[in-house]
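First the structure, in the form of structure tokens, and then the observations on it.
Where a number appears in this text, it was derived from the coordinates with a stated rule and is not lab data. Quantities reported herein were computed from a predicted structural model and do not represent experimental measurements. Every residue, glycine as well, gets a Cβ built from its backbone with ideal geometry; the counts of neighbours run over all protein chains shown.
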Amino acid sequence: MEKSSRIYVAGHRGLVGSAICRRLRAAGYSNLLLRDRSQLDLTNQAAVDAFFAAEKPEYVFLAAAKVGGILANSSYPVEFLRDNLAIELNVIDACHRHGVKKLEALGSSCIYPRLAPQPMREDALLSGPLEPTNEWYAIAKIAGIKLAQAYRKEYGFSAISLMPTNLYGPGDNFDLQSSHVLPALLRKAHEARIARSSEIVVWGSGTPRREFMHVDDMADAAVFLMLHYDQPEIINVGVGSDVSIRELAEMICRVVGFEGRLVFDASKADGPPQKLLDVARLHALGWRAKIGLEQGIAATYEWFLTTQRQPVGK
Ligand SMILES: NC(=O)c1ccc[n+]([C@@H]2O[C@H](COP(=O)([O-])OP(=O)(O)OC[C@H]3O[C@@H](n4cnc5c(N)ncnc54)[C@H](OP(=O)(O)O)[C@@H]3O)[C@@H](O)[C@H]2O)c1
């Protein structure tokens, strides 16, 4: 990939896509092709084909997807399965037919079986039943992995698939109805400090262990792997360590300056006791995450405070 290469980042307004654009620009890649959903609906095969024919991208980062939590997945199974299958099929096929030199597609750690041994290695894929709450999304993502592998096998198309861990950072969703645990706790602790409340409620027992990666580290890995990885096998992208939800909540309270109590609501589901990716393959390639969790939370809190002062716009 040259600094002047034509690079299409699909989903450039999202958490991951926006971080990839920041990383590419910082590294001097200036020829970014960007279209938001209103300009290019990736579920529309004819529109995707016309875009690739006209713009002739050379490298593609596929960070567009219909994403959401348990509630959204269970309410809209059709959209999670159909839209994600359509996006992957349209983009991967157009990449191949229009001469894209390399495609990097983003998956998710939810593609691994519910009871996969921890930390989860890449070869755990398709080794057992999925977590039922997000199987629609996971099945679509697994189909995307297989599609990329099939185009490589049959046509020699250079497509790689990355499986990131839980991400957080600037651009995250802080809506308490639909956000992930880290931004939700950050917002709760912030609002409790402002309101001088004596406690915040944390869902679950606080004991499950989870891995969190700053999205700028993810974007750095995405560019690194575009340059240095070209194999059919999926590759995990994570930090290689986890924290308990209690430890995470305590860290967030320190960053925010909230000194009240943590109350654990054990009536809320905990989910699996641990979810951690094995990142031995990524480390062997020479890449490691650089942003510590507390440092990354502090940077995200600064971003959150800035967006609180201005109308939010990604
Ligand atoms: N966030 C995480 O913790 C995490 C962890 C692991 C993996 N990932 C993966 O990273 C990828 C991106 O996730 P994210 O967190 O960045 O999600 P996000 O913030 O919701 O961004 C998704 C992007 O996809 C775009 N998009 C959705 N449907 C589209 C369509 N039909 N046509 C065109 N664009 C469409 C959205 O456009 P609009 O802005 O116009 O809606 C948005 O820009 C996903 O594959 C996800 O599985 C994320």
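Summary of values
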read-out: Selection status of ASN73, of a type in the set (S, T, N, Q) and under 17 Å from the mean Cα position of the chain (by Cα); value: yes
read-out: Unique match (being within 11 Å of the ligand (Cβ to nearest atom) and surrounded by fewer than 20 Cβ atoms within 10 Å (Cβ to Cβ)) among SER38, SER75; value: SER38
read-out: Count of region 236-278 residues which are over 24 Å from CYS110 (Cα atoms) and part of a loop (DSSP other than H, G, I, E, B); value: 4
read-out: Residue pairs meeting the criteria (Cβ under 9 Å; at least 6 apart or on separate chains; first without any contact (Cβ under 8 Å) to a residue 12 or more places away in the chain, in region 1-15; second of a type outside the set (S, T, N, Q)); value: GLU2/TYR29; GLU2/GLU58
read-out: Condition met for ALA47 (within 13 Å of the ligand (Cβ to nearest atom) and more than 22 Å from the chain's Cα centre (by Cα)); value: yes
read-out: Residue that is farthest from ILE142 (Cα to Cα), among those in region 111-131 that are away from the ligand (no atom under 12 Å from the Cβ) and not in a loop (DSSP other than H, G, I, E, B); value: MET120
read-out: All positions within region 172-204 that are part of a helix (DSSP H, G or I) and either under 13 Å from ILE297 (Cβ atoms) or in contact with a Leu (Cβ under 7 Å, 6 or more places away or on another chain) (or both); value: VAL181, LEU182, PRO183, ALA184, LEU185, LEU186, ARG187, ALA189, HIS190
read-out: Test: residue in region 157-168 that is more than 17 Å from the chain's Cα centre (by Cα), at positive phi, away from the ligand (no atom under 15 Å from the Cβ) and not in a helix (DSSP H, G or I); value: no
read-out: Check on GLU211, closer than 29 Å to ASN44 by Cα, buried (at least 21 other Cβ atoms within 10 Å of the Cβ) and touching a residue at least 40 places away in the same chain (Cβ under 8 Å); value: no
read-out: Members of region 226-235 that are over 16 Å from GLY144 (Cβ atoms) and either within 15 Å of the chain's Cα centre (by Cα) or not in a loop (DSSP other than H, G, I, E, B) (or both); value: MET226, LEU227, HIS228
read-out: Leading residue by the ranking (nearest to the chain's Cα centre (by Cα)) among those in region 91-110 that are near the ligand (Cβ under 9 Å from one of its atoms) and assigned to a helix (DSSP H, G or I); value: SER109
